[in-house]
Structure formats: structure tokens, C-alpha cells
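The values are calculated or read from the model by the stated rules, or taken from the named source; none is laboratory data. Owing to the predicted nature of the structure, the values given are computational and were not obtained by experimental measurement. Ideal geometry is used to build each Cβ from the backbone, glycine not excepted, and the neighbour counts take in all protein chains shown.
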Amino acid sequence: MTASAAPATTNSTTTVRHTGLSVAVAVSMVAALLAVFLYAPTERQMGAVQRIFYFHVSSALTAGTAYFFVFVGSIGYLVHRHDRWDRFAGIAAELGILFSLFVLISGPLWAKPIWGVYWRWEPRLTTMLITFTTYVAYAMVRAYGEPGERTQRFAAVVGVIAFVNVPLVHYAVHLWAADQQLHPPKIDLAPGMAQTKYLCHAAFALLFVYFMRLRLRQERLAARIDRLRLRLAEQA
Amino acid sequence: MIWWQHIATLLRKDLRLEWRSKERLSPMVFFVLLVLLVFNFGFELGGAALGEIGPGVLWSAVLFASLIGLQRTFTAEDADDCLDGILASPVSRSSLYVAKMAGNFLFLLAVELITLPLFGLFFNLTVGAYLAPLLIVFALGSTCIASVGTLFAAMAGHSRLREFFLPLLSLPILIPALISCVEATSLILAAGVPGHTTLWPDGLGTHLAMLAASGVICFFLALLLFDFVMEE
């Protein structure tokens, strides 16, 4: 392992990279907030409440990416059988659940003044909720399994099959009849709105990478502590 | 022996076991009856409500019963370590999966066909040829449920979630298929209204295509993943 060969350099490089990322997340988030509230023009029909859109859509995109990472990590684990892939999939699932929660909370807040109710059983909302429950079930498989190879393997199997419904969320606006739809299939945005949207996407992508790295590092350290404890117990 | 003979042997064993013990079919059918009864009190099902919630009630009852029945897929092999015996024999994991899945498929289809007259009785269905496409919906719906359920049933015994494992995982994954089942059943039952009896209502094809796609994806994905579940 490189960490044991040259611990000082590796740690300091990691710290510098980590600090750099933290700064990037902080700056982009503040910029995104400023853009959402000050730069983006107010939507003509919906008014100020439409500004939820930027964080709502960015969270949805991030959640979808996270679920794709669970899929990739699960396949990676089944092929390579390395803890690294398992940790990657597990953490991606946690973040997918977190960002889905953002979507499922910001959506109803936006829906109340526009649709008149917090919740409508329309295709995209319904498929998003189904996907969310699927990954909560995936997280439960991890949480309630005995720690070890079998639980990792089972989680990977679930992580692959759980992904079957994720594309449905994306295609929901086309798959079901138009009269059932409340989410628009395509949105034309004013230039200021489009720029704000992309800035928010970037800020959320950075936030996701930041969380991902933080949790991966934490899990790696936890695994290392476990190994050291085991060695200590063997020596005693 | 070749793979299809393995499958046939395993399937025959499961069917014979069921024929002698009747451990799954009878309780499942009875359970569907009870769920129909519970829904009846919950919703005051009358003739008017049939079109709106009848199909949902039917499929919820079938799904709940199947989740209980599917739990038995591998627990039946617990006695005398039968599963270890099968795994030690020169039968591939895929053959084992297909045999178990086919068994579950047949049980589900049987439950659906047995309970349909009960459902018809409670909901005052008129008997007619228009019910024929229901067979396709039953077959495709059962394929989806059996494909996913057999895979998860194989894992359930090893998790602390135990009897929660199968429903917690199967339900979210099966909901899109269930939506198609309910929509297709609604269309078919609506066609039975006196006056405009039709054998193939408009839009039925779309739902059946969705259902068939779900069935194919679920079956092959589960077949592929089953090897990883049964590694030891």
C-alpha cells in the first residue's frame, strides 16, 4: 500500500486535494444560490416559486447519477470481488437516497401553489417514489445483513436489479398518456434560466463528488481501524 | 442429462411435493379469499366500484398471497439439507433457478385461475368470452412476480430481514409491472359491460407489451444474477 510506504506525503496531498474540493463546493454553492435568487429572471406564470426548479432538477439529476453508480459498483463487485466496489456502491446508494429526498421534498413544496396539492399520482412523481423505495430496500439489505462477503454479494445482486426501474423515471414523461402528465416533457428556458440551471448542476455535481470522497475516505479508515484492531488482538 | 431434463426433473419433484402436501396452493388461495374479504369491508365494494378498484383489489390480493407463497420456494428444501444435495449434484444453478421459477409461475397461475371465479362472484362479473385476454395478463404478471420473487426468496433466509426481505425488495421492483396488470385488467373488465362486449379493447396491446418487456427483463436479469446468490 502506498499509504504505509510514504504516509506523510500521501496524507498531505490528500488533504490539499480535499481542501481544494471543499472550497470549490462552497464557492459553487454560494454562486448557485446567488444565481437562483438574484440572477435568474422570474418566471412569468409561476412567479418566484419556480426558483425551486433549479435545486429540484439538479437533485434529481444527481440522484439518478448516484443510482447509476450503485449499478456500476455492484457489477464491479460481482466481477472483481473487492471491498472497494462494495463500499462505492453502498455510499452511492446513501447519496442517491439523500438527493431523492431533496427531490421528493422540494417537489411537493413547488406543487402546492402550482398544482393546488402537495402530491399528485402522476407518472414521474410516482416512478421517482418507486425508485426511492427500491434503494431504501437496498440500504436495508446492507444494514440488516451480517457483515461479510455474503451480504456484499447479495447487496450487489440487489444493486443490479434495482436499476431496472430507474430509466422509467426518465422516460415517465413520454411513456404514459399526455393527459396524466404534470411534468413537462421538454422545457424551453430563457438564457438566464438555462445558465443558472447549468451552474446548479455543476454545484450539485461537486457536492456529490465531495460527499462521495468524504464517505469513501471515512469507510476506508474504518476498515483500516478494524484491521489494526484485529492485528492488535492477535499480538496480545 | 442435459439442462432441460434437469429442469424437468426438479420441476416434477416440486410439483409432486406440492401435490402430496398441498402446503402452498391451498393456503395461498384461502389467503386471496381473505384479502378480498378485507378489501370488501375496507372499501364497501359494490357494483359501481368494480370498474374503479376491482382490478386493483384483485392484483393486490394475488400479489400479497404470492409473496407469502414465494417464501416457501427454498424453505421447503431446508429439511435434511435438500438444497445442499441439489447444489452438490451436477445441476447448473441456472437450471435450478428456471425450475424453481417455473414452479412458482405455475402455482401463481393456478391461484389466479382458482380465485377468478371467487372474484367474479364478489364483484358480480358476467361470465363471457371477453375474459379470455385475462389469461395473457395472468401469464405475464405471474412471469414477472415469479422471476423476481424466486431470486429474492433464495436470499431471504440469510438476512436478518427474514420474512421482510422478499416483500421489501419485490414490491418496489414489481410495482411498474403491477400497474400494467391493473390497467390491462381494468380495460378487459370494462369491456364486459352489456352492450359493448369486445374481445380486444383499445390500448390493451400497449399494457401487455409493457408487461411482456418487464417479464423478459426480470427473468433474464434474475437468471443471470442467480449464480451469484447460490455461490456457496
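In segment A:143-153 there is no residue matching the filter, namely being at the interface with chain B (Cβ under 10 Å from one of its Cβ atoms) and under 18 Å from the mean Cα position of the chain (by Cα).
In segment B:137-155, the condition of being of a type outside the set (Phe, Trp, Tyr), more than 20 Å from residue B:57 (Cβ to Cβ) and in contact with a Gly (Cβ under 6 Å, 6 or more places away or on another chain) is met by at least one residue. Considering B:20, B:16, the condition of being in a helix (DSSP H, G or I), over 20 Å from the mean Cα position of the chain (by Cα) and modelled with pLDDT of 90 or more is satisfied by B:20 alone. Among residues of segment A:157-168 that are within 7 Å of chain B (Cβ to nearest Cβ), those with a beta-carbon under 9 Å from a residue that is among the basic types (Lys, Arg) and part of a helix (DSSP H, G or I) at least six positions away or on a different chain give the pairs A:158/A:142.
Please find, within segment A:84-137, the residue that is farthest from the other protein chains (Cβ to nearest Cβ) out of those that are within 27 Å of residue A:222 (Cα to Cα) and over 15 Å from the mean Cα position of the chain (by Cα). Selected residue: A:84.
Step by step: first the residues of segment B:199-232, then only those that are loosely packed, with under 15 Cβ neighbours inside 10 Å and over 17 Å from the mean Cα position of the chain (by Cα), then the one that is farthest from the other protein chains (Cβ to nearest Cβ). Which residue is that? It comes out as B:199.
So that you can scan it fast, the table gives a plain yes or no per residue for (1) part of a helix (DSSP H, G or I); (2) modelled with pLDDT under 95; (3) farther than 19 Å from residue A:191 by Cβ:
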{"position": "A:30", "(1), (2), (3)": "yes, no, yes"}
{"position": "A:36", "(1), (2), (3)": "yes, yes, no"}
{"position": "A:53", "(1), (2), (3)": "yes, yes, no"}
{"position": "A:58", "(1), (2), (3)": "yes, no, no"}
{"position": "A:67", "(1), (2), (3)": "yes, no, yes"}
{"position": "A:70", "(1), (2), (3)": "yes, no, yes"}
{"position": "A:73", "(1), (2), (3)": "yes, no, yes"}
{"position": "A:88", "(1), (2), (3)": "yes, no, yes"}
{"position": "A:101", "(1), (2), (3)": "yes, no, yes"}
